[in-house]
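Chemist: Quick one: the structure is below, questions incoming.
The values are calculated or read from the model by the stated rules, or taken from the named source; none is laboratory data. Here the structure is a predicted model, which means the values were calculated and not measured. Cβ atoms come from the backbone with ideal geometry, glycine included; neighbour counts cover every protein chain shown.
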């Protein structure tokens, strides 16, 4: 596994790199301080399997960093880390193509839990096709809660997990189903009999 951590704050960048190495012992973690270093780094170190991107870099503005990475690597998981609370930028980042938005203020334990969920799926990804993908019990729980219209906060309270972890679970669920929204996921679940009613 090769992970790219792009953050201009040395302490945060090193902490994220250490965390990723701890979560995935064999990981090759590439640390960059500017997005502009990415092309050369990929040529030298190889294709990424995961990005951890600081939202505010010296050579980005708004969500331009998210857009740049998503255009170049449309299928690589992209985690945005930001010192800004989710209410300020989360939706913009997700709309631009980020998979998860994590608040740096959440602390390493919280970020670690979200990344662990992302890096260790319950099952290997299913092949895309006409068959119904296998879902874990947790994913079936999530589908039922989405069908009930519960918010991320409500789901977090019911499952006694953090909202960050709920977002990661939903990201994996949407990937599994080939859905890009809650509505699509619920429609797929109803169409394929995944809701049990």
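Chemist: For the stretch 9-46, which positions are touching a strand residue (DSSP E or B) at 6+ places or on another chain (Cβ under 9 Å) and either outside any helix (DSSP H, G or I) or not assigned by TED's automatic domain parsing to the domain that holds residue 113 (or both)?
Modeler: Residues satisfying the conditions are 9, 24, 27, 28, 29, 30, 31, 32, 33, 34, 46.
Chemist: From the residues in the stretch 169-192 that are outside any helix (DSSP H, G or I) and without any contact (Cβ under 8 Å) to a residue 60 or more places away in the chain, which one is surrounded by the most Cβ atoms within 10 Å (Cβ to Cβ)? Walk me through it before giving the result.
Modeler: Narrowing the stretch 169-192 to residues outside any helix (DSSP H, G or I): 178-181, 192.
Of the ones still in play, those that are also without any contact (Cβ under 8 Å) to a residue 60 or more places away in the chain are 178-181.
Working: 178: 13, 179: 17, 180: 10, 181: 10.
Of everything passing the filter in the stretch 169-192, 179 is surrounded by the most Cβ atoms within 10 Å (Cβ to Cβ).
Chemist: Still on this model: Please work out if residue 157 is in contact with a helix residue (DSSP H, G or I) (Cβ under 6 Å, 6 or more places away or on another chain) and surrounded by fewer than 18 Cβ atoms within 10 Å (Cβ to Cβ). I'd like the intermediate steps shown before the answer.
Modeler: Numbers: in contact with a helix residue (DSSP H, G or I) (Cβ under 6 Å, 6 or more places away or on another chain): no; surrounded by fewer than 18 Cβ atoms within 10 Å (Cβ to Cβ): yes.
Against the criterion (in contact with a helix residue (DSSP H, G or I) (Cβ under 6 Å, 6 or more places away or on another chain) and surrounded by fewer than 18 Cβ atoms within 10 Å (Cβ to Cβ)), residue 157 does not qualify.
Chemist: Still on this structure, I have one more. Go through (1) under 17 Å from the mean Cα position of the chain (by Cα); (2) free of Cβ contacts under 8 Å to residues at least 24 places away in the same chain for residue 18 and report which single condition fails.
Modeler: (1)
Chemist: Residue under question is residue 166, and the condition is that it be assigned to a helix (DSSP H, G or I) and either touching a strand residue (DSSP E or B) at 6+ places or on another chain (Cβ under 7 Å) or within 21 Å of residue 105 (Cβ to Cβ) (or both); does it hold? Break it down stepwise before answering.
Modeler: Details: assigned to a helix (DSSP H, G or I): yes; either touching a strand residue (DSSP E or B) at 6+ places or on another chain (Cβ under 7 Å) or within 21 Å of residue 105 (Cβ to Cβ) (or both): yes.
In short, yes.
Chemist: Which residue pairs have Cβ atoms closer than 6 Å, lie 6 or more positions apart in sequence or on different chains, and pair a first residue in the stretch 106-131 that is under 14 Å from residue 163 (Cα atoms) with a second residue that is at pLDDT 80 or above and loosely packed, with under 10 Cβ neighbours inside 10 Å?
Modeler: Qualifying pairs under 6 Å: none.
Chemist: Residues in the stretch 18-40 that are crowded, with 16+ Cβ neighbours inside 10 Å and modelled with pLDDT of 95 or more: how many?
Modeler: 7
Chemist: Of the residues 143, 195, which single one is outside the structural domain of residue 111 (by TED's automatic domain parsing), surrounded by 13 or more Cβ atoms within 10 Å (Cβ to Cβ), modelled with pLDDT under 85 and farther than 27 Å from residue 109 by Cβ?
Modeler: Numbers: 143 fails: modelled with pLDDT under 85.
Going through 143, 195 in turn, the sole match is 195.
Chemist: Can residue 118 be described as at pLDDT below 80, surrounded by 14 or more Cβ atoms within 10 Å (Cβ to Cβ) and either in a helix (DSSP H, G or I) or in contact with a helix residue (DSSP H, G or I) (Cβ under 7 Å, 6 or more places away or on another chain) (or both)? Lay out the reasoning, then the answer.
Modeler: On the way: at pLDDT below 80: yes; surrounded by 14 or more Cβ atoms within 10 Å (Cβ to Cβ): yes; either in a helix (DSSP H, G or I) or in contact with a helix residue (DSSP H, G or I) (Cβ under 7 Å, 6 or more places away or on another chain) (or both): yes.
Judged against the criteria, residue 118 is a match.
Chemist: Could you grab me the full set of residues in the stretch 159-176 that are within 20 Å of residue 119 (Cβ to Cβ) and more than 13 Å from the chain's Cα centre (by Cα)? Outline the logic, then answer.
Modeler: Quick first cut of the stretch 159-176, residues within 20 Å of residue 119 (Cβ to Cβ) only: 159, 161-176.
159, 161, 162, 176, listed by residue number.
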